[in-house]
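Structure first, then comments.
None of the figures in this text is laboratory data; all of them are computed from the coordinates on show. Small disclaimer: the values here were computed from a predicted structure and weren't measured. All Cβ positions, glycine included, derive from the backbone under ideal geometry; neighbour counts span all protein chains shown.
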Amino acid sequence: MPYRAKVAGRTTVKPPRRTSLERGYDRQWRNARAEHLEVHPWCEGCLMRSLYVRASLVDHIEPHRDDQLLFWDRDNFQSLCASCHSLKSKYESFAVRRDPVKGRTIVCGPPGSGKTTWLQSHKEGIDHTFDMDELAGMAFPLPHEIHMRMLVARGKVLNRMYFTNESAIIIITDERHARRAAASIGADVVRLRDRKNGGGLPF
Ligand SMILES: [Zn+2]
């Protein structure tokens, strides 16, 4: 088919030719993808719900946003079926605001507001507890590679929440981040106040 075709009286422009590096990435990605699907043929989102469904694509658990470490990190790959991939994309992009899942809570509030204590006293019967700030290595500067590994660990937590209805208590210090995460994984938000300013009690 010719690239230049008359469309409604206009000439369409041929897309720029990709570099050999870009084409190399394509080939390398195709190979990595095929290898992953061979070792992990079942959709990992469905497996979390004890269903065996053939996977058709390889997804990056933590979005890579062109970061090469995240892109090629096999620990960041998962096999998915088309329907799980589309579900994850909807939650991730906030195209769907998820209703709170029973027993799923995000605890936010400044350092020293008692988030860990709150978690400890409410974790009975809860499937998972996570401190996302710790997982994402937010507390101190880290080498890029370690930071990326921690992002993958954090991504895996959110990922599990997308595909299951398991209960969880998750600590996220920043209230804005907490509310965004709550909208996408379906969680209630508990906001604790700094003890220095009244420990959650109004003045
Ligand atoms: Zn699936």
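What the table below lists for this structure:
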| quantity | calculated |
| --- | --- |
| Nonlocal amide H pairs with Trp42, under 5 Å, H built at 1.01 Å | Ala55 |
| Set of aspartates and glutamates near Lys14 by C-alpha distance (under 14 Å), chain-local residues within fewer than 8 positions excluded | none |
| Prolate/oblate/rounded label for the stretch 104-197 (Cα gyration tensor, a/c 1.5) | oblate |
| Residues with amide H under 5 Å from that of Phe77, placed H, sequence gap 5 or more | Ile61 |
| Calculated FRET efficiency for the pair Arg193/Met48, C-beta based, R₀ 45 Å, to 0.05 | 0.80 |
| Of Lys90/Lys123; Lys115/Lys156; Lys90/Lys115, pairs whose Cα-Cα distance is over 27 Å | Lys90/Lys123; Lys90/Lys115 |
| Cα-centre dipole for the stretch 16-92 with unit charges at Cβ (Lys and Arg positive, Asp and Glu negative), debye to 20 | 360 |
| Computed E for Asp174/Asp75 - FRET, C-beta separation, R0 22 angstrom, nearest 0.05 | 0.30 |
| Length released on extending from Asn31 to Glu166, taking residue separation times 0.36 nm less the Cα-Cα span | 45.2 nm |
| Listed residue (Pro143, Val190, Ile126) projecting farthest to the positive dipole end of the stretch 104-197, Cβ model | Val190 |
| Debye-sum result for the stretch 16-92 in log10 I(q)/I(0), which assumes one identical scatterer on each alpha carbon, at q = 0.13, 0.20, 0.26 Å⁻¹ | -0.43, -0.90, -1.24 |
